[in-house]
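This report refers to the structure that appears directly beneath it.
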Amino acid sequence: MDTSTVHLAMAALVGASLVAVSAYYMHRKTLNQLLEFAKTVEREREDISEGEESPQPQHSKKRRGQHFRWKGNGYYRRGSASLPDVTVISGGFDGEEKRNGPVNVDGIPPGLPRLHTLPEAKRSGSLIRPTSPKSPSASAFESIEGSDDEDNITDSSKLDITYLHTNGNAGPNLPDHINANGEAMQIAASSMIRSHSIAGDLHGVQPDPIAADILRKEPEQETFARLKISPSEVPLPDEVEVYVVLQECLEMRKRYVFKEAVAPWEKEVISDPSTPKPNPDPFFYAPEGNSDHYFEMQDGVIHVYDNKDTRRELFPVADATTFFTDLHHILRVIAAGNIRTLCFHRLNLLEQKFNLHLMLNADREFLAQKSAPHRDFYNVRKVDTHVHHSACMNQKHLLRFIKSKLRKEPDEVVIFRDGTYLTLKEVFESLDLTGYDLNVDLLDVHADKSTFHRFDKFNLKYNPCGQSRLREIFLKQDNLIQGRFLGELTKEVFSDLAASKYQMAEYRISIYGRKQSEWDQLASWIVNNDLYSENVVWLIQIPRLYNVYKEMGIVTSFQNILDNIFIPLFEVTVDPDSHPQLHVFLKQVVGLDLVDDESKPERRPTKHMPTPDQWTNVFNPAFSYYAYYCYANLYTLNKLRESKGMTTIKFRPHSGEYLYYLAQIGLAMSPLSNNSLFLDYHRNPFPMFFLRGLNVSLSTDDPLQIHLTKEPLVEEYSIAASVWKLSACDLCEIARNSVYQSGFSHALKSHWIGKEYYKRGPNGNEIQRTNVPHIRLEFRDRIWREEMQLVYLGKAIIPEEVEK
C-alpha cells in the first residue's frame, strides 16, 4: 500500500471522528433544550391547575424586534413605529366586528389564524396546533408536546371562544357544538348532511374529523378574519384635490351611461329561480303594427320625435363637441402626475390587502366551498364573454366538418368564381387536394409565432389552407349557398355547449356597414337556419374599415356607414312589420362592439371634428370618433326601444385603471389570444387586475386560431389557473363575474347565480349556485366601499343594488 493511500485513509478517519463528536454534542444540546422546555410546560400546567391566572408565555427569543401585546378583548396587535397597526378582526356577515382572540399577523403567518375552540374541560391542560383543512391525512388538531416550533405554540388557557368551523364537531371528543357566544348546544342527528363510518373503512384509518362535517346546511354562517387598518386614513390636502377630480370623472360617466328606467329585477320578480322553461318557438312573429314616432339623421346622430307634425324631440343625447370636450378632460386627468401617483399607490394597496386576506382566510374559503353541496368549478355557470362567431369552433372540429361535407356532398354547387359555378369537389380539385390529404397542419388556421404583432397575418388565418374561397364556402353566411354550411357548423357548436350544460357564449357576428340590406341578410340566415340556443346570445361587431370601403368606392363618406348600420334598426323599432325577421333576431342581440387592431397609433381627435358627412377623405377615423357616433345612435335607439317595451342593446366596445375599479366596469380579457398577437402571457395584466378587485372575466376570443381542445373556455381557465396559481375560489369568482357581465336574461342570471344577484356583496350571492364563498364577496365589497368613501371624502351614497 503506497504512502498516499495511507494518508487519505487517516484523513478520512479523523474527519469522520470530528463529525461524530460534533453530532453528539449537538444532539446533547438539543435534548437539554427539550428537557428545559418540557419542564417549563409542566410548571405552567401546575400553575393552571392551582387556579392561578396564567399570563401569555414569554419566550427568550424575540424575532427581529417585533413585539406583541395583549389588548383588552384578547387579540394580538403588532406594534411598529413606522407602520399603521394592522388588526385582524374575526366576524361573520352581520356587520358586527368582534375581536375574537389572538391572531398572528407577523411576517411568518401560521397555517390558520388561531380561532379554534375547545370545551372548558379541554382548555385546562393541553396544547393544540391547528392543521390545514386541506390535508386529508391529519386530524384537525394534533398534540404538539415535545415540539420546538415556537410559532405554533398557543397556551390553551388563552384560546378564544369563537369557533372557526361552524359545521359540527371539531374533533372526535367534542360532543357539543359551540356557537359564536361560546355556548354549547346539542347537534341534532338530522343536521348532519354527511357522516363517516369507521367500521366501513377498508383500510382501518380513522377519517378526518373535519371532513365528516364540512358539508353543512348553512354555509352562509362562515366566520373569517377581517382586516382593519388604524389609524383611519385621512387624506392629505393634495390628495383631497385628486379625489375631487376623480369624483368629477365618476359623475361624468353617469351622464353618459344608458340606464333603464325600470331595472330588470323590478320588471320581473323571480320568486322561484328554478330552471326557466325554454322558448318553444323563439322565431315566432306576431304582427305588432307601427307607432307614430318619426326619426331623421342629423350630423351623424338620429333624432327621434313623437310624430312628424309636432317634431318634439324625445331622447336628446350629448352632442359631439360636448363628448370630445369631456374626453379631453379625462385624457388630461389620466396624464396628470399627481393623479397617476395616487392611483398607482391606491391600486397597489388594494393588491396587498387582497394578498393579506388570502393569507388569513384562504383555508376558510376552501372549507366554505367544500360545504356547498354539488357545486364545484366544473358545474358553475361560466360565460365566454368575448368570442368571434366565425372562429367559435376549434381547428379539429372545422377539419372534421370539411371532410364530412367533402365525403357526403361533393357535388353541391358552392361558389361562383371566374365566371364558373364550381362544386365542392371541383373546388378541392382546383387546389389539388383530396379529403385524405387534409390535416390540421395543412388547414393552417392556428396562430403561431408569425402572427405576433402582425394583425394582418392573424386575419389570414381565417382562410383554411390559405384559400379565401374555402373561407367563403365554410365561414361566411352571405355566399352562394346562403351560409348553409356555416349554419350547420354553428348548430354543432351549439350542441357541444348544450352537452356541457354549464358553459355559455356571447358570439360576435359582423355588420360591416357597406349596405343597409346586411341586417336583413343576417336575420334571414339566423331564422332560416334555426340558430337558437339557451346557451347563446349574440353581439354585433362593427369592423372599423371605412378606409377600405372608401378606397373600393363602396362609400363616399363616413355618413354612409352610419346610415347603413342604424337606419334599419330604427325602422324595425318604429315598425316591426317592415323587417319581421330582424325584429325577431334583435330579441337575441344583447350588445354592440367595435373591432379592429387597437394597437395602431391614432391621432387624438379635436373638440371640433368634421361631421360624418364631411368626412370624405381616405383616412380611417379614430376609435373615439367611431365610439361617439355608435354610442349616440345606440343611446337614442335604446331609449326608443325601451319606451316600446322592446329589448335594449348594450354598447360593449373593445378597449384609467383606477376609474375602472371604482366604477366596476366589466372587462372581458383573453390572455391566450393576446399571447399570440400582442402580449406575452406572463406579462398579461389579468392576474394583477383580479387581485386588485377589478370586475374581470376570462374569454377565448378566437378558439379556431388559439385553442386546442373541445372546451376552449375551460382550456382558458385551466391555463390561467396553472400559470397564475389561481385557486378554485378565484376561478369561481371569475366565472360569476362572467355571468354578471353577460347579456343573458334576468331570469337566467337568477337561476345561474342567485335570485338576488343584483345586490352588492354577500347579500347578492348564493354559494349553492356560484360556489363563491361569502367571505370573498364580503371582502371585495367592504374594501370597495372603503375606497369609494375615501374618494368621496366620506360622503359617498352607495345603493344596495348594483347599477345596471
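The conditions of being under 28 Å from the mean Cα position of the chain (by Cα), within 30 Å of Ser624 (Cβ to Cβ) and either of a type in the set (A, V, I, L, M, F, W, C) or part of a loop (DSSP other than H, G, I, E, B) (or both) are met by Trp538.
The criterion of being surrounded by fewer than 20 Cβ atoms within 10 Å (Cβ to Cβ) and either touching a helix residue (DSSP H, G or I) at 6+ places or on another chain (Cβ under 7 Å) or basic (Lys, Arg) (or both) holds for Gln559. For Tyr660, the conditions (1) open to solvent by 20 Å² or more (accessible area, probe 1.4 Å); (2) at pLDDT below 95; (3) not in a helix (DSSP H, G or I) all hold with the exception of (3). Is it fair to say Ala523 is open to solvent by less than 20 Å² (accessible area, probe 1.4 Å) and in contact with an Asp or Glu (Cβ under 7 Å, 6 or more places away or on another chain)? Spelling it out, it is not the case that Ala523 is open to solvent by less than 20 Å² (accessible area, probe 1.4 Å) and in contact with an Asp or Glu (Cβ under 7 Å, 6 or more places away or on another chain). Per the listing His374, His345, His357, His329, the residue uniquely outside the structural domain of Ser468 (by the TED database) and at positive phi is His374. Looking across the range 292-339, just one residue is over 23 Å from Cys630 (Cβ atoms), touching a helix residue (DSSP H, G or I) at 6+ places or on another chain (Cβ under 8 Å) and not hydrophobic (A, V, I, L, M, F, W, C), and that is Asn338. For the range 347-374, a tally of residues being open to solvent by less than 40 Å² (accessible area, probe 1.4 Å) and under 29 Å from Glu534 (Cα atoms) returns 2. Just to check your reading of the model, which residue among Val723, Val714 is hydrophobic (A, V, I, L, M, F, W, C), in contact with a strand residue (DSSP E or B) (Cβ under 8 Å, 6 or more places away or on another chain) and either in the same structural domain as Pro685 (by the TED database) or at pLDDT below 95 (or both)? The conditions single out Val714. One residue stands out in the range 761-800 among those that are crowded, with 18+ Cβ neighbours inside 10 Å and charged (D, E, K, R): the one that is nearest to Met359 (Cα to Cα), namely Arg776. Among residues of the range 615-634 that are outside the structural domain of Met552 (by the TED database) and open to solvent by 20 Å² or more (accessible area, probe 1.4 Å), none has a beta-carbon under 8 Å from a residue that is part of a loop (DSSP other than H, G, I, E, B) and of a type in the set (Lys, Arg) at least six positions away or on a different chain.
The values are calculated or read from the model by the stated rules, or taken from the named source; none is laboratory data. Since the structure is predicted, the reported quantities are computational estimates derived from the model, not experimental observations. We place every Cβ from the backbone using ideal geometry, glycine too, and count neighbours over all the protein chains shown. Ligands, DNA and RNA are excluded from the accessible area calculation, which covers all protein heavy atoms including side chains. Shrake-Rupley method; radii C 1.70, N 1.55, O 1.52, S 1.80 Å.
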